[in-house]
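Presented below is the structure to which this report refers.
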Amino acid sequence: MLRIAQLTKKFGRNTAVDAASIQVEKPAMIGIIGRSGAGKSTLLRMLNRLEDATSGSITFEDREITGLGGAEKRAWQADCAMIFQQFNLVPRMDVVSNVLHGTLNRRSTVSTLFNLYPNEDIHRAIDILDRLGIAEHAPKRAEALSGGQQQRVAIARALMQDPKIILADEPIASLDPMNAQVVMEALRRIHEEDGRMVIANLHTLDTARRYCDRVIGMRAGRIVFDGTPEQLTTDMAREIYGADASFSEEATSTEIGALDRSAKAAAVPA
Ligand SMILES: Nc1ncnc2c1ncn2[C@@H]1O[C@H](COP(=O)(O)OP(=O)(O)O)[C@@H](O)[C@H]1O
Ligand SMILES: [Mg+2]
């Protein structure tokens, strides 16, 4: 389905992604982990053509992606919607208009200029917001929402494109544990219910383990691990994050685990 072969990106003398190869047979939820600077964002950005590869290839459903230009490139970018750590919403614009922005790539300049959205698009936007549990916020300005709600608006905007793949670059890195959990569960549900592929860069091991079917570990631009969460041993994690004596799972862990532990502790009768 998706085949990445020897994909490389150089910035001057620095190799950000070094001959990365990944093969995905059917829609999966994939987590990419690794230290800051490992090349995770660059890999995602090459996938949706925000960044051009220096060499290597990307094929999706037997089509070469690296060479697409113009309208074909834009169509591909609609097929693989991207969400970001900082949500990238228009803060002063209402939520539903932010979601409708997800249809921009297939609307005329004139209707865009005058903010004319077809009724069916508006209904679809509300349905998607409803599915993500935030329909009641539709008329509010995006900036009035919490971080977790804003990230769900960004997911709704992505879904408006009806993408085959959702690329998420550290989608929960700015969120508190509770909101992080809501957002990861939303992505998981979109994968399971819609059969969309989700590829998420995650800065913590435990989130990848918990929500993903497959985990890819990057170190210094190279893929050093590709397997199931079960195969991701502590030794392997040390290999990914660097064989540092101070390495501990706790140090690479979001507080989602901690949240669960405290919830469990709270449930134990005193
Ligand atoms: N636009 C750019 N120009 C120059 N160097 C870049 C650029 N983007 C990323 N890099 C470099 O590429 C490497 C990988 O970065 P990045 O993909 O952002 O890693 P990660 O997302 O894992 O933190 C880093 O050394 C970074 O400094
Ligand atoms: Mg990054």
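Bear in mind that the values in this text are calculations on the coordinates, not laboratory data. Treat the numbers as computed from the prediction; the structure is a model and nothing was measured. Quick reminder, even Gly has a Cβ in these numbers, built from the backbone with ideal geometry, and neighbours come from all protein chains shown.
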Per the filter on the stretch 163-208, residues more than 18 Å from Gln86 (Cα to Cα) and more than 13 Å from the chain's Cα centre (by Cα) are Arg189, Glu192, Glu193, Asp194, Gly195, Leu205, Asp206
Among residues of the stretch 5-44 being over 22 Å from Gln86 (Cβ atoms) and free of Cβ contacts under 8 Å to residues at least 12 places away in the same chain, the residue farthest from ligand 1 (Cβ to nearest atom) is Arg13
Note on Ala78: of the conditions (1) more than 25 Å from Ile240 (Cα to Cα); (2) within 16 Å of ligand 2 (Cβ to nearest atom); (3) touching a residue at least 40 places away in the same chain (Cβ under 8 Å), unmet is (2)
ask   = Just to be sure, is Phe60 more than 13 Å from Thr8 (Cα to Cα) and within 16 Å of ligand 1 (Cβ to nearest atom)?
value = no
Reported set for the stretch 203-226 where residues are within 16 Å of ligand 1 (Cβ to nearest atom), assigned to a loop (DSSP other than H, G, I, E, B), farther than 23 Å from Thr8 by Cβ and of a type in the set (A, V, I, L, M, F, W, C) is none
Exercise for review: Would you confirm whether any residue within the stretch 33-53 is over 25 Å from Gly147 (Cα atoms) and surrounded by fewer than 16 Cβ atoms within 10 Å (Cβ to Cβ)?
Suggested key: yes
